[in-house]
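The values are calculated or read from the model by the stated rules, or taken from the named source; none is laboratory data. Keep in mind that this is a model prediction, so the values were computed, not measured. Note that we place each Cβ from the backbone using ideal geometry, even for glycine, and neighbour counts take in every protein chain shown. To get the accessible areas, we keep the full protein, side chains included, count just its heavy atoms, and leave off ligands, DNA and RNA. Shrake-Rupley method; radii C 1.70, N 1.55, O 1.52, S 1.80 Å.
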Amino acid sequence: MISQPSRHCTVELQALPSRIGQVRRIISAQLRYWHLDPLIDQAALGVTELLTNVHQHAEPDKMCTVEIELLLDRLTVSVHDHDPRIPTVEDSDHFATSGRGLALIAAVSESWGVRPQGDTGKSVWFTLSAPPPMALPPYPLVYGATTDGPLRGHATVRSTIAR
């Protein structure tokens, strides 16, 4: 049984440096709207790395689609581009300024992978464990209610909480 519906957000863009910051803000705002604030930093970092890979490596164009989906307790972030070449994790020097994007995603995510889509490109994705939905405090048990009558203009409720 699914106790919580899935939530989905898609953004299409050209992976240019100026657009990457915009997408970070969109993803952050969407996660705030879904009350997933604890996941914002990891999701923003991961989507930045994936979009940077598209900007630096994807051919024939830089068009891509970013999707985030929350299903039960799992947030999946994916980036689809039109380049069918599969990315690989590189062993890079500790002082290198590039080449560690997928290793970084592996470090901050629960899982990640690549879904080839034939000649139409690929999707690179990662998942984050979502916190359980925020539980509302239980309602107090109400044993009875009294009113002051129709002429007083208000009602009072007396309740007791079972302990």
Could you please find all residues in the stretch 15-55 being more than 24 Å from ALA107 (Cα to Cα) and touching a helix residue (DSSP H, G or I) at 6+ places or on another chain (Cβ under 9 Å)?
-> LEU16, ARG19
Test for ASP37: is it farther than 17 Å from TRP125 by Cβ, within 10 Å of the chain's Cα centre (by Cα) and open to solvent by 10 Å² or more (accessible area, probe 1.4 Å) = yes
Residue satisfying all of: in the stretch 4-20; more than 21 Å from HIS82 (Cα to Cα) and over 10 Å from the mean Cα position of the chain (by Cα); modelled with the highest pLDDT among these = SER6
Give the residue that is least open to solvent (accessible area, probe 1.4 Å), with candidates limited to residues of the stretch 56-69 that are within 11 Å of the chain's Cα centre (by Cα) and more than 17 Å from VAL108 (Cα to Cα).
-> VAL66
Might you check whether a residue that is touching a residue at least 40 places away in the same chain (Cβ under 8 Å), charged (D, E, K, R) and more than 26 Å from ARG7 (Cβ to Cβ) occurs anywhere in the stretch 39-60?
-> no
Go through the stretch 107-129 and count every residue that is open to solvent by 10 Å² or more (accessible area, probe 1.4 Å) and not in a strand (DSSP E or B).
-> 8
